[in-house]
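The values are calculated or read from the model by the stated rules, or taken from the named source; none is laboratory data. Here the structure is a predicted model, which means the values were calculated and not measured. With ideal geometry, Cβ positions are generated from the backbone for all residues, glycine too; neighbour counts draw on all protein chains shown. Protein only, heavy atoms only, side chains kept; ligands, DNA and RNA dropped before computing areas. Shrake-Rupley method; radii C 1.70, N 1.55, O 1.52, S 1.80 Å.
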Amino acid sequence: MIKNPQIGAACWIVIDIWETICPAPVIITEEAEGKYAVRWQISEEYSEVYDGLSNKDLFASERDAWKSIKNRKEKNQCRKRKESI
């Protein structure tokens, strides 16, 4: 999580690409009422925009994004165990 995101700053988000969760490097492009829009520049000709993100969805480093993914997977495994009991 980034505590004070700034427009133009580089950061990381967690995305789902063909059912594979992974970090993606992005640039913060807009902010409105505590929600952020970011751009993932995939190639010179192609980019994707993700909007409606909170500061909890933005990570300062790729390592932090991977930690978030790991934590999500662990929480999901615990939920599945509880449901099977």
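Table: residues versus (1) exposed (fewer than 10 other Cβ atoms within 10 Å of the Cβ); (2) at pLDDT below 95; (3) touching a Pro at 6+ places or on another chain (Cβ under 8 Å).
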position	(1), (2), (3)
40	no, yes, yes
44	yes, yes, no
56	yes, yes, no
63	no, no, no
71	no, yes, no
85	yes, yes, no
Exercise. Name the one entry in 21, 28 that is open to solvent by less than 40 Å² (accessible area, probe 1.4 Å) and part of a strand (DSSP E or B).
Key: 28
Self-check item: Which listed residue is closer than 20 Å to residue 63 by Cα and either without any contact (Cβ under 8 Å) to a residue 40 or more places away in the chain or of a type in the set (Phe, Trp, Tyr) (or both), from 2, 21, 7, 15
Solution: 15
Quiz item: How many residues are under 16 Å from residue 8 (Cα atoms) and in contact with a strand residue (DSSP E or B) (Cβ under 9 Å, 6 or more places away or on another chain) if we restrict to the range 33-56?
Solution: 15
Quiz prompt | In the range 1-18, the residues that are within 10 Å of the chain's Cα centre (by Cα), among the hydrophobic types (A, V, I, L, M, F, W, C) and in a strand (DSSP E or B) | solution = 11, 12, 13, 14, 15
